[in-house]
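Here the structure comes first, spelled out in structure tokens, and everything after it is commentary.
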Amino acid sequence: MGRSSAVSALVVGEHGAPITDVAVRQDARMLASASFDGTVLVWDLVEPARALPRAALLHRRLVSGVSWNPRHLDLLASSSADKLVMVWDINQTSRPLCVLGRHTEDINSVTWLPDGRRMVCVSEDGVASLWDALASRYLGDVASHASQCTGVSISDSGLIATVGKDGGTTLSRVVEEASVLSLATRSYDESIESCCWSRSGDRLAITTETGWVYVLDSALGDVGAFWVSASAARSVAWRDKDRELVVGDYDGRIHFLDSVTGRARAVHDNPQAWPRSLSCVGDVVAAGSMGSIPELLSVS
């Protein structure tokens, strides 16, 4: 299962198809998982080794992303190939609180701003759109890519990073209600697969289709570059007070790296894992899966 006894697999519930995205709630008491089967499952992680099903939420097509609200812990956003984003109260799951729709292609991901009211959605149409989610109101666009926008990450200070298949990385900030200030752009000669801000908000990690992880500063300047895998590095997250990077590749491996040197600390290797998504809170690391259950690890 890997090369570190500090990493152990846990057991959670089941979807009817592979897992596309996972999100551990910031208090580490809930896990949301999204699937090709068009569902979001919410799991109780009060006892991580006994993850208990709490709710099932439905879209019309595959669900691509899930994101917990940073201020209202029972609110969860989900994005889908049905071109919609839905906001749910996990205590009242019979219907979504609101439905947001504007994109012309599948929505790949959704992330809340720190105010817990606005959010950014990114789509295969290349656009990153800004919403007042709780008012179901479109506010404008924060970025545009020449091909599909693959990921978005927003720091605790409100810096918005987007990445795309066009090799572009953009940095912006929303000022006042909906005015977007473009701060920086960066271009690479290959597809950028994912991005994630450090907890401190001073470093951005991005991953590429050729297995590289680039660490950038808050102005998109170079900090570090680490080659991780011969397959695409599809996802990245920070943990251990930003001392560690967690990277998922398309061969089912989850790599744990020193965030400064890039030195490998551990590798979790499971052919059934599909870590196109990663989420880390405390000692809990969750990843997508080719099977019907998320990959859930306890890391000490």
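The values are calculated or read from the model by the stated rules, or taken from the named source; none is laboratory data. Since this is a predicted model, take the numbers as computed values, not measurements. Backbone-built Cβ (ideal geometry, glycine too); neighbour counts: all protein chains shown. All accessible areas refer to the heavy atoms of the entire protein, side chains included, with ligands and DNA or RNA removed. Shrake-Rupley method; radii C 1.70, N 1.55, O 1.52, S 1.80 Å.
Yes/no matrix, rows are residues, columns are (1) open to solvent by 40 Å² or more (accessible area, probe 1.4 Å); (2) in contact (Cβ under 8 Å) with a residue 12 or more places away in the chain; (3) assigned to a loop (DSSP other than H, G, I, E, B); (4) over 24 Å from Ser200 (Cβ atoms):
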{"position": "Arg61", "(1), (2), (3), (4)": "yes, yes, yes, yes"}
{"position": "Ser67", "(1), (2), (3), (4)": "no, yes, no, no"}
{"position": "Arg71", "(1), (2), (3), (4)": "yes, yes, yes, no"}
{"position": "Trp131", "(1), (2), (3), (4)": "no, yes, no, yes"}
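Just a yes or no: is a residue in segment 204-215 open to solvent by 10 Å² or more (accessible area, probe 1.4 Å) and under 20 Å from Pro18 (Cα atoms)? Break it down into steps so the answer makes sense when it comes.
Our first condition is that a residue be open to solvent by 10 Å² or more (accessible area, probe 1.4 Å); within segment 204-215, this holds for 209-210, 212, 214.
In the following step, the residues that additionally are under 20 Å from Pro18 (Cα atoms) were identified as none.
No, that holds for no residue.
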Where a residue in segment 272-300 is under 19 Å from Asp240 (Cβ atoms) and hydroxyl-bearing (Ser, Thr, Tyr) and its partner, wherever it lies, is open to solvent by 10 Å² or more (accessible area, probe 1.4 Å) and part of a loop (DSSP other than H, G, I, E, B), with Cβ under 7 Å and at least six apart: Ser298/Leu10; Ser298/Asp283; Ser300/Ala6; Ser300/Asp283
Filter pass, Val180 being of a type in the set (A, V, I, L, M, F, W, C), under 17 Å from Thr207 (Cβ atoms) and in contact (Cβ under 8 Å) with a residue 40 or more places away in the chain: no
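Test of understanding: among Ala81, Ala77, which residue is open to solvent by less than 10 Å² (accessible area, probe 1.4 Å), hydrophobic (A, V, I, L, M, F, W, C) and more than 26 Å from Glu176 (Cβ to Cβ)? Lay out the reasoning, then the answer.
On the way: Ala77 fails: more than 26 Å from Glu176 (Cβ to Cβ).
Result: Ala81 is the single residue among Ala81, Ala77 that is open to solvent by less than 10 Å² (accessible area, probe 1.4 Å), hydrophobic (A, V, I, L, M, F, W, C) and more than 26 Å from Glu176 (Cβ to Cβ).
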So Arg199, is it outside any strand (DSSP E or B) and in contact with an Asp or Glu (Cβ under 8 Å, 6 or more places away or on another chain): yes
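Quick grid of which residues meet (1) more than 14 Å from the chain's Cα centre (by Cα); (2) among the hydroxyl-bearing types (Ser, Thr, Tyr):
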| residue | (1), (2) |
| --- | --- |
| Trp68 | no, no |
| His72 | yes, no |
| Leu75 | yes, no |
| Ser79 | no, yes |
| Met86 | yes, no |
| Thr104 | yes, yes |
| Ile107 | no, no |
Qualifying positions in segment 211-246 - over 22 Å from Val122 (Cα atoms) and not in a strand (DSSP E or B): Gly211, Gly221, Val228, Ser229, Ala230, Ser231, Asp240, Lys241, Asp242, Arg243
Selection count where residues are open to solvent by 20 Å² or more (accessible area, probe 1.4 Å) and within 22 Å of Thr20 (Cα to Cα), scope segment 246-277: 9
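Identify, from the list Ala264, Ala225, Ala233, the residue that is of a type in the set (Gly, Ala, Ser) and either closer than 25 Å to Arg25 by Cα or in contact (Cβ under 8 Å) with a residue 40 or more places away in the chain (or both). Give the steps one after another, and end with the answer.
Numbers: Ala264 fails: either closer than 25 Å to Arg25 by Cα or in contact (Cβ under 8 Å) with a residue 40 or more places away in the chain (or both); Ala225 fails: either closer than 25 Å to Arg25 by Cα or in contact (Cβ under 8 Å) with a residue 40 or more places away in the chain (or both).
Unique residue meeting the criteria: Ala233.
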May I ask you to say which residue of Ile192, Ile206, Ile154 is among the aliphatic types (A, V, I, L, M), touching a Phe, Trp or Tyr at 6+ places or on another chain (Cβ under 6 Å) and within 30 Å of Leu257 (Cβ to Cβ)? Ile206
Of the residues in segment 150-167, how many are open to solvent by 10 Å² or more (accessible area, probe 1.4 Å), within 16 Å of the chain's Cα centre (by Cα) and polar (S, T, N, Q)? 2
